[in-house]
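Visitor: Sending over a structure as structure tokens; questions will come in a sec.
Just so it is clear, none of the values below were taken in a lab; they were calculated from the coordinates. Quantities reported herein were computed from a predicted structural model and do not represent experimental measurements. Using ideal geometry, Cβ is built from the backbone for each residue, glycine included, and neighbour counts are taken over all protein chains shown.
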Amino acid sequence: MADPKGFLKNTERELPARRPVPVRIMDWKEVYEPGDSAVLRRQAGRCMDCGIPFCHKGCPLGNLIPEWNDLMWRGEGRAAIERLHATNNFPEFTGRLCPAPCESSCVLGINQPAVTIKQIEVATIDDAFANGWVEAEPPARLTGKTVAVVGSGPAGLAAAQQLTRAGHTVAVFERDDRIGGLLRYGIPDFKMEKRHLESRLRQMQDEGTRFRAGVEIGVDITWSELRARYDAVVIATGATAARDIPIPGRDLDGVHFAMEYLVESNKAIAGDQVPHQIHAEGKHVIVIGGGDTGADCIGTAHRHGALSVTNLAIGKQPPAARPDHQPWPTMPTLFEVSSAHEEGGDRTYLASTVEFLGNEAGEVRALRLAETEYLPDGRRVPKSGTEREIPADLILIAMGFTGPERSALEDQLGTVFTGRGNVERGDDYQSTAPGVFVAGDAGRGQSLIVWAIAEGRAAAAAVDEYLMGRTTLPSPVRPTDVAIGLQPA
Amino acid sequence: MLNDMRDRVVVQADGQLKTGRDVIVAALLGAEEFGFATTALVVEGCIMMRVCHLDTCPVGVATQNPVLRSRFSGKPEFVVTFMQFLAQEVREYLAELGFRSLDEAIGRSELLDVNGAIEHWKASGLDLSPILEGPAFAADAPRRHLRDQNHELDAHFDVGLIERSQDVIAHGGHVQIDLPIRNTERAVGTMLGNRVTLAHGEHGLPTGTIEVNLTGSAGQSFGAFLPAGITLRLEGDSNDYVGKGLSGGQIVVRPPKDATFDASQNVIAGNVIGYGATQGSMFLRGVVGERFLVRNSGATAVVEGVGDHALEYMTGGLAVILGATGRNLGAGMSGGAAYIYRLDRNLVNREALASGELELLELGSGDVEILRDLLEQHVAETGSTLAAGLLDDFEAESLNFVRVLPRDYAAVLQTRKDAAAEGLDPDGDVVWTRILEVTGG
């Protein structure tokens with residue numbers, strides 16, 4: 001095990017510095033400076049190799065965190081990446097994008113700052129790519145079975161990689177023009193440069209996974225045709241239906257969903273011509289919603305050269321430290337200062353948007369908001385008499401996602417949707433249509449990238465068993481599993 | 001139940017008991033007392049790190065490190081609350097089962113439904129009927145503890161000793177008692193010691209106040225927990241556990257004066273001599289069994305040979321071994337010291353030697369003086385010819401002794417000594433930090 005007293009010798013977290021704000025908002029590259037391997041080793045040595053490692057449970061992937069922490073501490077990077085890849089197909093994604101429930105559940109976090117697990121993870125995989133240790137693992141023999149994976153986000157890619165390695169012939173369908181789903185068009189480059197995605201896709205291609213971008217199932221091919229053509233189908237289309245704000249002025253020019261803005265921005269950065277791109281340059285930008293998507297909009301708007309960026313959140317400002325009602329090892333809601341917040345802009349809490357105001361040309365010019373009032377029954381309403389107007393040229397709605405788009409699934413496959421709007425599925429990830437499986441946000445509703453990968457892995461195991469009668473693929477989570485939290489009374 | 005003895009014993013269940021349901025299941029299986037260990041620790045903040053042995057417990061439960069101890073967040077009230085919840089749940093189950101008290105539930109195993117438990121695939125094929133089914137008993141046959149055992153304490157050997165020592169315990173002075181003893185007499189001296197401790201506290205009486213000279217074979221636990229002020233001298237031999245928990249008293253065991261055998265080659269007492277002793281001294285003329293002085297933390301003992309696993313887990317005190325040892329000497333020994341005559345290194349605990357945790361050293365001048373003094377006492381008390389022979393040529397023979405000393409213990413002693421010389425508080429934070437440094441944490 002790692003140094004038993006490491007956590008006593010090094011009591012603080014040490015992370016790579018972010019590049020200076022004025023410099024980094026001039027480009028789209030990742031915000032972090034390269035890490036120092038001596039610091040990383042010191043941090044890995046803080047892992048206590050717990051008898052009961054709660055990080056195993058905090059992360060739905062069941063990552064063997066103490067083991068690769070120890071290997072990184074010993075400087076055995078190659079063994080570390082093997083251990084890491086054993087449970088996580090894409091550590092280069094999670095190491096950059098995951099909010100790290102593992103660190104929330106880190107035992108050291110009870111009374112000291114938690115181990116910098118995410119940093120160790122990303123350093124492990126970056127080292128491995130740099131050293132050429134990430135090689136294709138094509139199957140030794142093919143089963144002759146074919147699987148279509150619809151959707152190329154983290155859940156679809158994880159399912160595809162697992163199934164390909166198990167010997168099935170897998171085709172991944174993506175309606176966008178490039179593979180990657182949210183990884184491609186949802187995440188700005190300053191959080192994860194696309195080269196990481198490309199490296200991984202190259203590995204998957206070398207393993208035999210086939211990619212079909214620009215094909216929308218239900219439109220270009222019907223779901224029933226797809227089902228007939230493949231031995232099994234995995235729906236990994238995500239929860240892309242955005243939550244709307246049905247208030248006066250919603251139809252004005254300049255009021256957009258966050259995802260419209262981010263996708264176009266990502267396409268432009270990738271070198272595409274984007275006519276009439278939603279752009280923030282010289283505008284007063286308002287981002288509604290205090291989550292990660294909101295932060296992505298903020299960072300993107302700064303880089304676009306926005307005149308001002310204001311972030312509105314309807315709720316109370318979360319506390320900076322873990323509150324009593326969200327005890328260890330649960331993942332608390334905290335006031336976080338992400339790189340985008342650091343770069344500027346205002347964050348307003350208890351802000352209820354009442355109306356979007358436009359000019360004669362039908363363009364948005366201002367936003368009317370009020371202070372949020374909490375009613376005794378828990379509902380949140382605008383407090384009368386507190387309305388005020390703020391100037392707005394571009395309004396981005398980042399209020400979360402309500403579930404998968406129903407598209408043609410219902411009609412063409414006869415799949416059923418749950419009361420929450422997700423695709424109904426059994427304990428084996430199978431939808432009500434036989435041989436059609438559901439993985440990721442499409443079945444769970446919007447969630448974290450680690451849940452997507454975990455579901456992709458587990459659904460792959462279910463597909464393998466469906467096709468072959470048995471499976472040796474790991475199944476880290478059940479469809480009904482939830483993050484560790486307090487049970488409702 | 002079959003032998004009509006159930007009402008004379010108390011059955012305690014332990015192991016993974018965590019909920020009221022567990023208690024009820026144990027009661028239905030026949031238990032009437034219930035043990036909780038892990039659960040109570042977890043209630044106090046234990047997170048089952050399983051590093052209790054490393055002194056790195058991050059929540060301050062199992063550690064001596066002041067930094068970590070300050071992180072302990074438990075309160076006694078937590079355990080109280082937990083037990084109240086547990087009791088509440090037990091009552092709810094009792095109500096569901098239609099019992100008025102836990103007593104009524106004890107031994108009613110016919111109420112257990114095991115199907116749910118063995119349906120799990122890991123338990124498939126398990127047949128629990130042998131432990132759940134048996135002969136039928138009358139409805140009024142006792143199913144729990146109802147009759148107390150008569151331990152016949154009023155007929156114990158110590159009753160006579162106490163009677164004859166009463167005056168001395170109350171008013172001081174000196175008493176000598178001479179009696180024969182048989183090996184059916186167990187824990188001789190313990191109740192007498194209890195009276196001394198009750199009257200005089202942990203420091204007892206001046207050495208030699210009560211002298212008991214016995215002849216014959218002593219039963220188990222001879223002189224257990226004996227406090228200062230009592231000397232037990234036994235001419236004959238003794239069973240296991242001589243001087244268990246010795247707390248300041250003195251015990252001498254020697255063969256009969258007219259014995260013709262070589263005492264140094266013959267067994268004088270059994271296994272586990274001086275278990276958990278904290279103070280006092282023992283002089284044993286002869287060889288003793290295994291696990292000699294296990295967990296000794298402060299007593300001094302002289303013996304002429306020992307079996308396997310001697311000095312196991314010792315944390316303090318001093319052992320003088322004048323003859324052969326068994327294998328695995330000093331396993332887990334973290335404190336105290338031993339002087340051993342012609343020690344065979346191959347018999348010392350290998351891991352401790354290899355890792356340097358145990359050091360085998362020559363005797364220093366101070367050690368030689370202590371050894372000489374102890375040998376002289378041993379000769380005076382037991383008439384040992386072996387010790388007398390060593391004293392005859394002491395200068396040469398003392399070179400044949402090896403001092404066994406735990407490395408970290410020595411470092412801690414030295415650090416505290418240096419600190420005291422500097423005028424620092426040996427129990428203070430500064431000294432503690434130094435101790436952590438010299439012992440590697």
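Visitor: Apply the membrane-span-like helix rule to chain A: whole DSSP H runs, Cα extent along the own long axis of at least 24 Å, mean Kyte-Doolittle hydropathy at least 0.5. List the helices found.
Guide: A:449-468
Visitor: Restricting to region B:194-285, compute how many DSSP beta bridges are antiparallel as a %, nearest 5.
Guide: 5 percent
Visitor: May I pose another question? Please tell me which of these pairs span more than 29 angstrom C-alpha to C-alpha: A:LYS145/A:LYS267; A:LYS191/A:LYS283; A:LYS29/A:LYS316; A:LYS145/B:LYS122; A:LYS5/A:LYS191?
Guide: As for pairs spanning more than 29 Å Cα to Cα, those are A:LYS145/A:LYS267; A:LYS29/A:LYS316; A:LYS145/B:LYS122; A:LYS5/A:LYS191.
Visitor: Moving to a separate point now. Give me the inter-chain shielding for B:396-408: mean count of other chain Cβ atoms within 10 Å, whole number please. Write down the numbers at each step before the final one.
Guide: Details: counts 0, 0, 0, 0, 0, 0, 0, 0, 0, 0, 0, 0, 0.
That works out to 0 on average.
Visitor: Also: When ranked by the protection proxy of mean other Cβ atoms within 10 Å per residue, highest first, what sequence do the peptides B:85-92, A:112-119 form? Mind dumping the intermediate values first?
Guide: Details: B:85-92: 14.9, A:112-119: 22.6.
Those peptides, ordered most packed to least, come out A:112-119, B:85-92.
Visitor: Nearest 500 deg cm²/dmol is fine: what mean residue ellipticity at 222 nm does the protein assembly as shown get from its DSSP H runs of n ≥ 4 alone, each adding -39,500 (n - 2.57), divided by its residue count?
Guide: About -9000 deg cm²/dmol.
Visitor: Just report the Cα centroid separation between region B:40-111 and region A:440-471, whole Å.
Guide: Region B:40-111 and region A:440-471 have Cα centres separated by 38 Å.
Visitor: Only Lys, Arg, Asp and Glu count, each charged at its Cβ (+1, +1, -1, -1), so figure out the dipole size of region B:164-438 about its Cα centre, rounded to 20 debye.
Guide: Working: 21 positive and 35 negative charges, 160 e Å.
My answer is approximately 760 debye.
Visitor: Between helix B:190-200 and chain B, what is the angle of the helix's C-alpha long axis to the longest principal axis, kept within 0 to 90° and rounded to the nearest 10?
Guide: 80 degrees
Visitor: Would you calculate the separation in nanometres between label points at A:GLU216 and B:GLU362, each defined as 7 Å from the Cα along the Cα-to-beta-carbon direction?
Guide: A separation of 9.2 nm, rounded to one decimal place.
Visitor: Sticking with this structure for a sec: Considering the zone a paramagnetic label at B:GLN265 would reach in this model (a point 7 Å from Cα along the Cα-to-Cβ line), which residues of region B:311-329 have amide N under 15 Å from it?
Guide: Under cut-off, by backbone N: B:323-324.
Visitor: Please compute the contact order of region B:6-132 in relative form: average sequence separation of alpha-carbon pairs under 8 Å and at least six residues apart, divided by the residue count, as a percent. Can you show the working numbers first?
Guide: On the way: 138 pairs, mean separation 34.8, N = 127.
This gives 27 percent for region B:6-132.
Visitor: Cross-link candidates for B:LYS75: which lysines have Cα within less than 21 Å, leaving aside residues fewer than 8 places away along the same chain?
Guide: Counting by Cα, and skipping residues close in sequence, B:LYS75 has these lysines nearby: B:LYS18.
Visitor: Another question, if that's okay. Using alpha-carbon pairs under 8 Å, 6+ residues apart, how would you state the relative contact order of region B:118-207 in percent? List each step's numbers first, then the result.
Guide: On the way: 32 pairs, mean separation 21.6, N = 90.
This gives 24 percent for region B:118-207.
Visitor: Then there's this: Using a 10 Å cut-off on Cβ atoms, rank the peptides B:108-117, B:274-283, A:337-346 from the highest mean neighbour count down.
Guide: Result, highest mean first: B:274-283, A:337-346, B:108-117.
Visitor: For helix B:365-382, what angle does its Cα long axis make with the longest principal axis of chain B, in degrees from 0 to 90 and rounded to 10?
Guide: 80 degrees
Visitor: Of the options A:ALA38, B:GLY204, A:ILE390, report the single residue whose Cα projects farthest towards the positive end of the charge dipole of the protein assembly as shown (beta-carbon charges: Lys, Arg +1; Asp, Glu -1).
Guide: A:ILE390
Visitor: Please arrange B:TRP121, A:TRP73 by how many other C-beta atoms lie within 10 Å of their C-beta, fewest to most.
Guide: B:TRP121, A:TRP73
Visitor: OK, next. Just how large is the dipole of chain A about the Cα centre, in debye to the nearest 20, putting +1 at every Lys and Arg Cβ and -1 at every Asp and Glu Cβ?
Guide: Details: 52 positive and 65 negative charges, 188 e Å.
For chain A, the charge dipole is close to 900 debye.
Visitor: Just tell me which aspartates and glutamates come within less than 15 Å, Cα to Cα, of A:LYS383; anything on the same chain fewer than 8 places away is out.
Guide: Filter leaves A:GLU355, A:GLU371, A:GLU373.
Visitor: When Lys and Arg each count +1 and Asp and Glu each count -1, what net charge do the other residues less than 12 Å away from A:LEU252, Cβ to Cβ, add up to?
Guide: Values: positive: A:ARG250, A:ARG365; negative: A:ASP251, A:ASP253, A:GLU355, A:GLU360, A:GLU363, A:ASP393.
Combined, the nearby Lys, Arg, Asp and Glu give -4.
Visitor: If you take every DSSP beta bridge fully contained in the protein assembly as shown, what fraction is antiparallel? Give it as a percent rounded to 5. Mind dumping the intermediate values first?
Guide: Numbers: 28 of 107 bridges.
Within the protein assembly as shown, antiparallel bridges account for around 25 percent of the total.
Visitor: Enter the mean number of other protein chain beta carbons within 10 Å of the beta carbon of each residue in B:42-55, as an integer.
Guide: 3
Visitor: Between 0 and 90 degrees, rounded to the nearest ten: what's the tilt of helix B:407-422 against the longest Cα principal axis of chain B?
Guide: Once rounded, the angle reads 70 degrees.
Visitor: Rounded to the nearest 5, what is the percent of antiparallel bridges among the DSSP beta bridges in region B:164-438? Can you show the working numbers first?
Guide: Details: 9 of 53 bridges.
Looking only at bridges with both residues in region B:164-438, the antiparallel portion is about 15 percent.
Visitor: If the cut-off is 19 Å between C-alpha atoms, which lysines fall inside it for A:LYS57, apart from same-chain ones fewer than 8 positions away?
Guide: Result set, ordered by chain and number: A:LYS118.
Visitor: Would you mind checking which residues have amide H under 5 Å from A:ALA242's amide H? H placed 1.01 Å from N; only 5 or more apart, or other chain.
Guide: Under 5 Å from the amide H of A:ALA242 lie the amide H atoms of A:THR402, each far enough along the sequence or on another chain.
Visitor: Just rank B:THR207, B:THR382, fewest to most, by other beta-carbon atoms within 10 angstrom.
Guide: So the ranking, lowest neighbour count to highest, is B:THR207, B:THR382.
Visitor: Here's a follow-up. Could you tell me the relative contact order of chain B? Use alpha-carbon pairs under 8 Å, at least six residues apart, and round to a whole percent.
Guide: So the answer I get is 7 percent.
Visitor: What residues qualify as long-range amide H neighbours of B:MET282, i.e. H under 5 Å apart, gap of 5 or more or another chain, H built at 1.01 Å from N?
Guide: For B:MET282, the qualifying residues are B:ILE251, B:THR300, B:ALA301, B:VAL302.
Visitor: Moving on to the next point. Using amide H atoms built 1.01 Å from N in the peptide plane, name the residues 5+ places from A:GLU216, or on other chains, whose amide H lies under 5 Å from its own.
Guide: So A:GLU216 has HN proximity to A:ILE221.
Visitor: For region B:164-438, what does the alpha-carbon gyration tensor say about shape, rounded, prolate or oblate, given a ≥ b ≥ c as the root eigenvalues, a/c under 1.5 as rounded, and a/b over b/c as prolate?
Guide: Judged from the Cα gyration tensor, region B:164-438 comes out oblate (a/c at least 1.5, b/c at or above a/b).
Visitor: Follow-up. Given Cβ point charges of +1 (Lys, Arg) and -1 (Asp, Glu) and nothing else, what value in debye, to the nearest 20, does the dipole of the protein assembly as shown about its Cα centre take?
Guide: Charge dipole, the protein assembly as shown, about its Cα centre: 1380 debye, nearest 20.
Visitor: Given the options A:GLY254, A:GLY156, A:ILE298, identify the residue whose Cα lies farthest towards the positive end of the charge dipole of chain A (+1 on Cβ of Lys, Arg; -1 on Cβ of Asp, Glu).
Guide: Looking along the dipole axis, the top candidate is A:GLY156.
Visitor: Which order results if B:MET1, B:MET333, A:MET192 are arranged by neighbouring Cβ count within 10 Å, fewest first?
Guide: B:MET1, A:MET192, B:MET333
Visitor: Right, here's the next one. Averaged across the residues of B:207-215, what count of C-beta atoms belonging to other chains lies within 10 Å of each residue's C-beta? Present the calculation step by step, with values, prior to reporting the outcome.
Guide: Numbers: counts 0, 0, 0, 0, 0, 0, 0, 0, 0.
For this peptide, the per-residue mean of nearby foreign Cβ atoms is 0.
Visitor: Then there is this: Report the net charge of residues surrounding A:ARG444, where surrounding means a beta-carbon distance below 10 angstrom and charges are Lys +1, Arg +1, Asp -1, Glu -1.
Guide: Here the charged neighbours net out to -1.
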